[in-house]
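Trainee: Quick one: the structure is below, and I'll ask about it shortly.
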Amino acid sequence: MTTAQIGPPLWLLAEITYRCPLHCVFCYNPTDFAKTGVENELSTDDWLRVLREARAAGSVQCGFSGGEPLLRDDLEILVAEAHRLGFYTNLLTSGVGLNETRIAKLKQAGLAHIQLSFQDSTKELNDFLSHTKTFELKQNVAHLIKSNGWPMVLNCVIHRLNIDYIDKIIEMAVELGAEYLELANSQYYSWAQENRDQLLPSREQLQRAERITNEYREKLGDRIRMFFVVPDYYETRPKRCMNGWGNVFLTVTPDGTALPCHTAKMLPGLTFPNVREMNVRDIWFDSEGFNHYRGDGWMKEPCRNCPEKEKDLGGCRCQAYMLTGDAANADPVCDKSPLHGRIEEAVAYAQIPDAERTTVKPLVFRDPKESRRLIEQQTAAERQPA
């Protein structure tokens with residue numbers, strides 16, 4: 001693709017830290033996040049420059065994420081600058097660290113939107129899945145957000161361990177006065193990929209949950225908008241990866257690495273630029289990492305001559321790499337892929353009731369200790385002779 005054909009990076013995801021008080025089993029942060037210590041995080045001045053450069057390159061929406069972005073003491077400074085520049089600003093948070101003092105400062109800074117995450121509708125499962133005691137705190141934060149005039153936006157990642165309680169999750173959202181509820185089935189990257197066998201729901205669970213969600217939509221009408229996102233594994237055609245590689249989304253990680261999606265750093269053979277060394281505009285339009293999978297010139301069969309390639313652009317490069325070992329392969333979610341059987345195997349295993357499974361791996365909770373263990377495990381595997 002030529003520069004003239006490439007649109008601007010409309011959506012900037014500013015992952016300002018990987019530090020997080022939660023240890024969720026489905027976290028999308030990279031499993032090697034321990035490599036990025038606090039000392040390697042971008043400074044306040046670095047982030048202010050990134051915001052200015054991204055806005056100049058055409059970004060219009062900025063999401064502050066992590067980890068837990070509230071662990072950065074300069075969050076209010078960054079939000080204020082993003083607001084001054086004309087960004088629509090969004091905070092994606094667990095709620096930990098959001099109190100009356102900070103919420104007042106964020107309001108004053110011009111924050112437009114807060115998305116609050118829950119892990120479940122009950123204290124027991126919410127706190128188990130996050131490995132923390134945060135359920136009551138989240139409830140208090142939800143009331144705080146509502147009382148300060150922001151739209152109430154709740155997110156709950158759905159998976160095998162909580163999908164059977166989806167009615168209770170919806171009822172909790174209604175009770176908290178949520179205007180929006182995202183019931184996003186876990187997609188299997190990073191920590192969720194480590195725990196996939198324990199998290200992927202059965203087809204029956206998924207169909208029941210979608211039916212219940214639709215029943216509540218009909219019953220509640222305009223009182224709440226609900227979004228139910230099906231896991232890729234139960235589709236026969238892949239989705240466009242982040243609406244297309246380098247098409248809309250720009251992620252900047254805590255150490256300044258710029259990525260076309262939040263998991264792209266896993267892909268071998270690609271070098272992604274750092275905002276410490278390269279201007280955001282040049283990163284977006286000219287860097288090899290962002291241009292590598294743009295368009296369809298990189299495609300192999302069956303994607304190259306597929307009549308649907310403009311619709312899905314070959315699907316997800318990270319999913320293709322994780323499941324086939326080659327990021328240029330068709331996303332195996334697609335039933336035209338010769339390696340679609342790898343998806344079918346995972347789905348077949350998900351149909352086995354928990355009580356009938358002979359071997360069950362323990363859940364791997366996201367924390368620095370586990371991250372370092374997985375780094376060592378990967379390093380040892382790479383040292384093995386081919």
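The values are calculated or read from the model by the stated rules, or taken from the named source; none is laboratory data. On a predicted model such as this, the values are computed, not experimentally measured, just so you know. Here the Cβ is made from the backbone with ideal geometry for all residues, glycine too, and neighbour counts use every protein chain on show. Heavy atoms of the whole protein, side chains included, go into the accessibility calculation; ligands, DNA and RNA do not. Shrake-Rupley method; radii C 1.70, N 1.55, O 1.52, S 1.80 Å.
Trainee: Mind listing whichever residues of segment 141-162 are outside any loop (DSSP other than H, G, I, E, B) and either closer than 30 Å to GLU204 by Cα or without any contact (Cβ under 8 Å) to a residue 24 or more places away in the chain (or both)? Give the derivation first.
Mentor: Going residue by residue through segment 141-162, those that are outside any loop (DSSP other than H, G, I, E, B) are 141-147, 153-158.
SER147, VAL153, LEU154, ASN155, CYS156, VAL157, ILE158, listed by residue number.
Trainee: What helices (runs of 4 or more DSSP H) completely inside segment 1-110 contain at least 2 residues that are out of contact with any Asp or Glu (no Cβ under 8 Å at 6 or more places or on another chain), closer than 29 Å to TRP191 by Cα and not small (Gly, Ala, Ser)? Don't jump to the end; show me each part of the working.
Mentor: Details: elements: 44-56, 75-85, 100-109.
Helices (runs of 4 or more DSSP H) meeting the threshold: 44-56, 75-85.
Trainee: A follow-up question, please. Going by the conditions given, is THR251 buried (at least 18 other Cβ atoms within 10 Å of the Cβ), β-branched (Val, Ile, Thr) and part of a helix (DSSP H, G or I)?
Mentor: On the way: buried (at least 18 other Cβ atoms within 10 Å of the Cβ): yes; β-branched (Val, Ile, Thr): yes; part of a helix (DSSP H, G or I): no.
When the stated conditions are applied, THR251 does not pass them.
Trainee: Is it true that LEU10 is open to solvent by 30 Å² or more (accessible area, probe 1.4 Å), within 25 Å of ASP282 (Cβ to Cβ) and touching a residue at least 40 places away in the same chain (Cβ under 8 Å)? Show your work before the answer.
Mentor: Values: open to solvent by 30 Å² or more (accessible area, probe 1.4 Å): yes; within 25 Å of ASP282 (Cβ to Cβ): yes; touching a residue at least 40 places away in the same chain (Cβ under 8 Å): yes.
In short, yes.
Trainee: Another question, then. Considering ASP312, ASP331, which residue is in contact (Cβ under 8 Å) with a residue 60 or more places away in the chain and touching a Lys or Arg at 6+ places or on another chain (Cβ under 6 Å)? Break it down stepwise before answering.
Mentor: Details: ASP331 fails: touching a Lys or Arg at 6+ places or on another chain (Cβ under 6 Å).
Step by step, each of ASP312, ASP331 is checked, and only ASP312 is in contact (Cβ under 8 Å) with a residue 60 or more places away in the chain and touching a Lys or Arg at 6+ places or on another chain (Cβ under 6 Å).
Trainee: Here's something else I'd like to know. Report yes if THR271 is assigned to a loop (DSSP other than H, G, I, E, B), of a type in the set (S, T, N, Q), under 22 Å from the mean Cα position of the chain (by Cα) and under 30 Å from GLN205 (Cα atoms), otherwise no. Spell out how you get there, then give the answer.
Mentor: On the way: assigned to a loop (DSSP other than H, G, I, E, B): yes; of a type in the set (S, T, N, Q): yes; under 22 Å from the mean Cα position of the chain (by Cα): yes; under 30 Å from GLN205 (Cα atoms): no.
When the stated conditions are applied, THR271 does not pass them.
Trainee: Here is a follow-up. Can you tell me which residue in segment 113-131 is surrounded by the fewest Cβ atoms within 10 Å (Cβ to Cβ), limited to those that are under 20 Å from the mean Cα position of the chain (by Cα) and assigned to a loop (DSSP other than H, G, I, E, B)?
Mentor: HIS131
So that you can scan it fast, the table gives a plain yes or no per residue for (1) over 30 Å from ARG372 (Cβ atoms); (2) outside any helix (DSSP H, G or I):
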residue	(1), (2)
LYS133	no, yes
GLN139	yes, no
ASP164	yes, no
ASP197	no, no
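Trainee: Based on this model, can you work out whether GLU171 counts as free of Cβ contacts under 8 Å to residues at least 12 places away in the same chain and part of a helix (DSSP H, G or I)?
Mentor: No.
Trainee: Now for a different question. Restricting segment 274-314 to residues that are in a helix (DSSP H, G or I) and open to solvent by less than 20 Å² (accessible area, probe 1.4 Å), which is farthest from SER65 (Cα to Cα)?
Mentor: Of all residues in segment 274-314, those in a helix (DSSP H, G or I) come to 280-286, 288-291, 309-312.
This time we only want the ones that are open to solvent by less than 20 Å² (accessible area, probe 1.4 Å), so: 280, 283-284, 289-290, 312.
Working: VAL280: 18, ILE283: 21, TRP284: 20, GLY289: 22, PHE290: 21, ASP312: 26 Å.
Taking the candidates together, the pick is ASP312.
Trainee: Follow-up question, since we're still on this one. Look through PRO362, PRO332 and report the one residue that is within 30 Å of ASN291 (Cα to Cα), in a loop (DSSP other than H, G, I, E, B), of a type outside the set (A, V, I, L, M) and out of contact with any Asp or Glu (no Cβ under 6 Å at 6 or more places or on another chain). Give the steps one after another, and end with the answer.
Mentor: Values: PRO362 fails: within 30 Å of ASN291 (Cα to Cα).
Only one candidate passes the filter, namely PRO332.
Trainee: When you look at TYR165, is it buried (at least 20 other Cβ atoms within 10 Å of the Cβ) and more than 30 Å from ARG55 (Cβ to Cβ), yes or no?
Mentor: no
Trainee: Moving on to the next point. If the requirement is being open to solvent by 20 Å² or more (accessible area, probe 1.4 Å) and either touching a residue at least 24 places away in the same chain (Cβ under 8 Å) or closer than 14 Å to THR236 by Cα (or both), which of these qualifies: ARG317, ARG342? So that I can check it myself, show each step before the final result.
Mentor: Numbers: ARG317 fails: open to solvent by 20 Å² or more (accessible area, probe 1.4 Å).
Matching residue, one of ARG317, ARG342: ARG342.
Trainee: Report whether or not TRP47 is modelled with pLDDT of 95 or more, farther than 30 Å from LEU363 by Cα, open to solvent by less than 10 Å² (accessible area, probe 1.4 Å) and of a type outside the set (Gly, Ala, Ser).
Mentor: Details: modelled with pLDDT of 95 or more: yes; farther than 30 Å from LEU363 by Cα: yes; open to solvent by less than 10 Å² (accessible area, probe 1.4 Å): yes; of a type outside the set (Gly, Ala, Ser): yes.
Yes: the conditions hold for TRP47.
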